[in-house]
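Each remark here refers to the structure printed beneath this line.
Each value in this text was obtained by applying a stated rule to the coordinates, not by laboratory testing. Because the structure is predicted, anything quoted here is derived from the model rather than measured. Neighbour counts run over all protein chains shown; Cβ positions are idealised from the backbone, glycine included.
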Amino acid sequence: MASKATLGQQVLRRKPVSVLIEESSGDLHTDTPLDPPLDADAAAPHLRRSIGLLQLSAIGIGATVGTGIFFVLNTAVPVAGPAVVVSFVLAAITAGLTALCYAELASAIPVSGSSYSYAYATLGEIVAFGVGACLLLEYGVSASAVSVGWGQYLNEFFSDAFGFTLPDAIAQPPGDGGYVNVPAMVLVLLCCLLLMRGAKESARANATMVGIKLCVLVLFVAIALTGFHSGNLRPFAPMGFAGISNAASSIFFSYIGLDAVSTAGEEVKDPHRTLPRAIIIALVVVTVLYIGVAIAAVGAQKWTLFEGQQAGLAQILRDVTGQTWPSIMFALGAIVSIFSVTLVVIYGQTRILYTMGRDGVLPPRFAQVSPRTGTPIWNTAVVSTGVALLAGFVPLDVLADLTSLGTLVAFSVVSIGVMILRRTNPDLERGFKVPGYPVTPVLSVAFCVYLIKGLHPLTFAMFAAWLAGAAWVYFTYSLKHSRLRALEGPSGP
């Protein structure tokens with residue numbers, strides 16, 4: 001008779017990759033009763049595979065382009081000066097190294113849950129739960145941070161097109177002239193309603209919006225470069241490399257979309273091939289756009305003018321052309337773009353909650369899927385409510401740094417997971433393998449740790465408080481109700 005598992009063995013138990021994949025397809029069968037059982041009313045045992053390569057790539061691009069480039073320059077340029085271009089390159093290198101690690105794990109473990117699921121298979125349950133908490137923070141706060149900027153571009157569009165603006169009290173972020181950011185809350189509600197209609201419909205709408213935003217950003221680069229003045233690039237790095245590094249740490253949340261691709265693992269056609277391709281496509285498109293826009297922006301406007309500037313890129317177009325039509329078009333494109341980002345990031349968070357609910361580490365209601373739409377309706381409502389409250393009442397700079405920290409922690413775990421899975425499951429089918437292994441994942445972790453060091457101390461305090469709350473949930477609920485515990489039996493592994 002097997003001896004009872006120690007606490008250490010229980011919290012470090014790993015979920016076999018075969019079980020993860022069987023669960024994602026609804027094929028898992030066991031004679032061991034699950035505690036707690038799935039709700040009898042929870043229809044549709046698994047998500048529907050309805051997303052192709054183009055739509056999945058658009059999810060990655062849609063979750064990434066807009067989270068930073070439409071408004072983060074207003075906070076990053078004052079820190080780094082024109083050298084913010086180098087900050088974007090540094091963040092892109094880190095994201096690129098991690099993207100290769102994501103591509104391998106996503107092709108080998110094509111399930112929802114992203115780095116939470118990867119950590120469950122490689123590092124153990126308690127680490128996976130901590131990563132899941134980081135992802136929930138990362139996605140929830142990122143969606144809030146992005147939607148906060150929506151009101152600024154709405155005002156820019158209304159001002160140029162119709163000659164009026166919404167009052168700052170309801171259109172600006174709290175602490176920046178506003179009290180309650182009403183447009184941000186409205187945006188989250190609209191995304192919630194669209195996501196409840198279904199993943200396929202949401203992916204189609206997002207793909208259309210991504211096309212619009214790409215055209216708008218290319219237009220910005222083309223027009224802004226006509227106003228390029230080399231004198232605007234001097235001094236290039238007024239705050240030195242420390243400023244470059246701090247800006248890179250802050251803007252890293254702009255690359256969250258790479259993780260969003262892997263949250264769709266159970267809704268993608270031919271996931272072993274489609275997931276890694278979509279991740280690489282999203283990385284290349286996003287990096288080229290970010291660097292191009294950053295160069296055009298700091299070349300067209302003196303770096304000292306960025307601080308406190310609302311809807312800054314639209315203002316640059318107005319200054320360069322002396323006309324309102326380019327800024328009207330750009331502001332409208334930004335409105336569509338930020339809608340797209342908020343939509344996809346909320347989508348990603350609901351799928352992480354779905355996976356954690358199915359694993360039993362969160363209440364089973366989070367694993368319920370609508371029989372009509374094939375989507376987790378309850379998750380969408382819960383996430384949207386939380387995001388709306390954050391967007392309406394929390395200052396933007398706090399949101400951005402928290403997102404960066406959560407993203408960097410999750411990215412580090414993915415890179416470590418690649419190395420562990422290569423050792424523990426070398427024969428696992430992989431649709432993509434990290435080039436330059438093991439140097440690439442090691443460099444990815446090193447870059448992530450370096451960027452983490454550049455964040456504000458207050459961010460670490462808030463992050464620690466979040467993880468402490470997550471630990472309380474794990475030890476009071478998740479440890480007892482974990483389905484992996486039920487599958488292994490009371491004696492443990």
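Annotations
- Phi-derived couplings, Karplus 6.51 cos²θ - 1.76 cosθ + 1.60 at θ = phi - 60°, listed residue by residue for the range 294-304: 5, 4, 5, 5, 6, x, 8, 9, 4, 5, 6 Hz, with x used for Gly and Pro.
- Sites R197 and F236 - FRET efficiency at Förster radius 56 Å, r taken between beta-carbons, to 0.05: 0.70
- Sorting 464-473, 113-122, 376-385 by their mean Cβ neighbour count within 10 Å, with the most densely packed peptide first, gives 113-122, 376-385, 464-473.
- Between helix 53-64 and the chain: long-axis angle, C-alpha atoms, 0 to 90°, nearest 10: 60 degrees
- Rounded to the nearest Hz, the phi-derived 3J(HN,Hα) couplings of the range 258-263 under the Karplus curve 6.51 cos²θ - 1.76 cosθ + 1.60 (θ = phi - 60°) are 5, 6, 4, 4, 6, 6, where x marks glycine and proline.
- With both labels modelled 7 Å from their Cα along Cα-to-Cβ, the V180 to T165 distance reads 2.2 nm.
- Extension gain (nm, one decimal) between A222 and R423, 0.36 nm per residue minus Cα-Cα: 67.5 nm
- Two-site FRET efficiency, Y477 against T385, from Cβ-Cβ distance with R₀ of 22 Å, rounded to 0.05: 0.60
- Placed amide H near V361: partners under 5 Å, 5+ positions off or other chain: R483
- Taking all Cα-Cα distances within the chain, those exceeding 43 Å account for 13%.
- Percentage relative contact order, the range 379-488, counting C-alpha pairs under 8 Å, at least six apart: 36 percent
- Pairs of Cα atoms nearer than 8 Å and 6+ residues apart set the relative contact order; for the chain it is 34 percent.
- Nearest-20 debye value, the chain charge dipole, Cβ charges on Lys, Arg, Asp, Glu: 660 debye
- Relative packing of 347-356, 436-445, which averages over residues the other C-beta atoms within 10 Å, highest first: 347-356, 436-445
- Between E22 and S370, full extension at 0.36 nm per residue minus the direct alpha carbon distance yields a gain of 123.2 nm.
- For V345, net neighbour charge (Lys/Arg +1, Asp/Glu -1) across residues whose Cβ lies under 14 Å away: -1
- Over the residues of the chain, the helix contribution to mean residue ellipticity at 222 nm works out to -22000 deg cm²/dmol, using -39500 (n - 2.57) for each DSSP H run of at least 4.
- 3J(HN,Hα) couplings calculated from phi for the range 190-198 with the Karplus curve 6.51 cos²θ - 1.76 cosθ + 1.60 (θ = phi - 60°) are, in sequence order, 5, 5, 4, 5, 5, 5, 5, 6, x Hz; Gly and Pro show x.
- Built amide H within the under 5 Å cut-off of I51, gap 5+: V268, K269
- Degrees separating the helix 240-251 axis from the principal Cα axis of the chain, which is the longest one: 60 degrees
- For peptides 276-282, 133-139, sequence by mean Cβ density within 10 Å, most packed first: 133-139, 276-282
- Charge context of E125, other residues only, Cβ under 10 angstrom, K/R +1, D/E -1: +3
- Full-extension gain in nm, T304 to C215, via 0.36 nm per residue minus C-alpha separation: 29.3 nm
- Partners of K200 within straight-line reach, counting lysines whose Cα lies under 18 Å from its Cα and excluding those fewer than 8 residues away in the same chain: K269.
- When only the Cβ of Lys, Arg, Asp and Glu is charged (+1, +1, -1, -1), the dipole of the range 286-406 relative to its Cα centre reaches about 420 debye.
- Cα lying deepest toward the dipole's positive end in the chain, options F393, P371, A99, charges on Cβ: A99
- For L166, no residue has an amide H sitting under 5 Å from its own, ignoring neighbours fewer than 5 places away on the same chain, with H placed 1.01 Å from N.
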